[in-house]
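Below is one structure, written out as structure tokens, with a few remarks after it.
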């Protein structure tokens, strides 16, 4: 799956596997319950921010409207980045569009989200747009060269 991330977000990828720079968020505990209630509908435009091509990512680039979404239940529409696996996907990259425009090597970091489905849940690849619902996170993923491959993640609850 990390190979799919390197093909879908950020600057031109290298052949080596991606590495995580931050520990994944801790599993929810009684004092940190999962958000309840309906998901907030957002689009990739809502998580876009000003960043010049080639500039390094730092969290201070993120506007408050993006950081305010962290640990919130959202629903966002996009496309599943194709991979070798077609069924039973437990993790995948959700991208803004379907390869006709703006993802792949050199694409903007805000145009993709790494989705990790909750235990026991999965989805199948589709060439059509999907709506993914889950808990939004800021989760920096870097390649072996230190460059960011992705900055957003989603604890996937369902895909429609």
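The values are calculated or read from the model by the stated rules, or taken from the named source; none is laboratory data. Fair warning: this is a prediction, and the values are worked out from it, not measured in the lab. When we count neighbours, we look across all protein chains shown, and the Cβ atoms used for this are built from the backbone with ideal geometry, even at glycine.
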Identify, from the list 69, 81, the residue that is touching a strand residue (DSSP E or B) at 6+ places or on another chain (Cβ under 8 Å), touching a residue at least 12 places away in the same chain (Cβ under 8 Å) and farther than 18 Å from residue 40 by Cα. 81
Elements of type strands (runs of 3 or more DSSP E) in the range 73-160, at least 1 residues being within 19 Å of residue 35 (Cα to Cα): 73-80, 112-117, 130-142, 148-159
Within the range 32-65, restricting to residues that are within 13 Å of the chain's Cα centre (by Cα) and in contact (Cβ under 8 Å) with a residue 60 or more places away in the chain, the one that is farthest from residue 142 (Cα to Cα) is 44
Conditions (1) modelled with pLDDT of 65 or more; (2) out of contact with any helix residue (DSSP H, G or I) (no Cβ under 9 Å at 6 or more places or on another chain) -> residue 21 fails only (1)
